[in-house]
1. Cβ-Cβ distance below 8 Å, separation of 6 or more or different chains: which pairs start in the stretch 34-46 with a residue that is over 13 Å from Gly77 (Cβ atoms) and end on one that is among the β-branched types (Val, Ile, Thr)?
2. Quick one: is Ala27 part of a helix (DSSP H, G or I) and under 30 Å from Val238 (Cβ atoms)?
3. For the stretch 193-203, give me each residue that is in contact (Cβ under 8 Å) with a residue 40 or more places away in the chain and either closer than 23 Å to Leu239 by Cβ or outside any helix (DSSP H, G or I) (or both).
4. For the stretch 204-222, check the following and say yes or no: at least one residue is in a helix (DSSP H, G or I), without any contact (Cβ under 8 Å) to a residue 40 or more places away in the chain and acidic (Asp, Glu).
5. Can you pull out every residue in the stretch 235-255 that is in contact with a Phe, Trp or Tyr (Cβ under 9 Å, 6 or more places away or on another chain) and either surrounded by fewer than 19 Cβ atoms within 10 Å (Cβ to Cβ) or among the β-branched types (Val, Ile, Thr) (or both)?
6. Being part of a helix (DSSP H, G or I), farther than 17 Å from His185 by Cα and in contact (Cβ under 8 Å) with a residue 60 or more places away in the chain is true for just one of Glu103, Glu84. Which residue is that?
7. Tell me whether the stretch 55-78 contains one or more residues that are touching a helix residue (DSSP H, G or I) at 6+ places or on another chain (Cβ under 6 Å), over 24 Å from Val302 (Cα atoms) and surrounded by fewer than 21 Cβ atoms within 10 Å (Cβ to Cβ).
8. Looking at Asp26, Asp83, Asp87, Asp42, can you tell me which residue is among the charged types (D, E, K, R) and modelled with pLDDT of 95 or more?
Amino acid sequence: MPRRTLPRIWMPLPEVGPNPAVAQADAAMWRWLDAHSLCRTDAARHNVQHTDNALCIGLYYPQAPAPVLALITEFTGWTLLVDEGFDAGAAGRDPTRCAALVEDFITVLNGGPPHSRTAYALAEVWGRIAAGRSADWCTVFRTDMTRWLWGFYAESVDRGSGRIPDLNTYLDHRRAMFGVPYYLHLCELAVGADLPDPMRRLPALTVLRNAAADTTALWNDICSVPREARLGYTHNAVLLAQREQHRSETAALQYVADLLDARTRRMMQAREQIPAQLDAVAAPRPDREAALRCADAYLAAVRGNFDYHRRAVRYTELAHTSTDNRTGFIEDLT
């Protein structure tokens, strides 16, 4: 398969490599998907295999203990199927159906009963993730998951009405929609932390999370252009820059790469500011160490995202994705 030439971006973080427990996490994910009757067609399974979710999570969380990595990989296997189902499946083209599914998933996150097969699977894995976590952590995680899920509804309404967002509006929307805000909360599991809420809400740590979410989302947009153009999916910074600013694809790619670099600088500056802010709040030593571990875990996730997109077949092979949902490559979310 041919490989694309990507624009150069500034990546100041060192390569770490994947977690050594990736193979075990991958096997655990497939056992879990099968136990919940998810990913039932050969085409859907092939699509998930091309995505290589376990590699992605192993690169995001290289420090996670094997059982934690397996749990996160199972959960993100679920989010992958949901993301694909809304982005390229029938659920994302019917706002009424989309809203009903979103409400079912959010009900589960808030402790209510599931009403679909996919929601039952979420209830099981969310129960294991939330077990033993603080109420504050569960609240911030649910908040970002809820924003992510309602974002699919907004995109389904855009499709139905023919609205294409302007680039600035899209960039605000994209931070939540790549899913990295809740991926970053999972860093606390990966490093064995449950930050007190004042630590989690330190201004520099908040800026770091937001900038990390932006950089990973923009890198995903850069790497997703061929696939999303083929699918007719307009919610992509490169495609919007082409349309709105009348740029060539090469110029639009470089424009978005420059946006990414600016956010990477913001992220690195925020990391440098964290020790002084911990001093300012007189953080106890255990909280200080946990906050710094989480900050470094956020950076590891950013580097992992960068490496994943350069390695996964989903992004490196141009001729991968079919646009025909009738082949069954997209999971039915009911």
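The values are calculated or read from the model by the stated rules, or taken from the named source; none is laboratory data. Note that this is a predicted model, so its numbers are computed, not measured. Positions of Cβ are backbone-derived with ideal geometry, glycine not excepted, and every protein chain shown enters the neighbour counts.
1. Ala43/Thr327
2. No; evaluated as a whole, the condition is false for this residue.
3. Matches in the stretch 193-203: Ala193, Asp194, Leu195, Pro196, Leu202.
4. no
5. Hits for the stretch 235-255 are Val238, Gln245, Arg247.
6. Of Glu103, Glu84, the one residue that is part of a helix (DSSP H, G or I), farther than 17 Å from His185 by Cα and in contact (Cβ under 8 Å) with a residue 60 or more places away in the chain is Glu84.
7. no
8. Asp26
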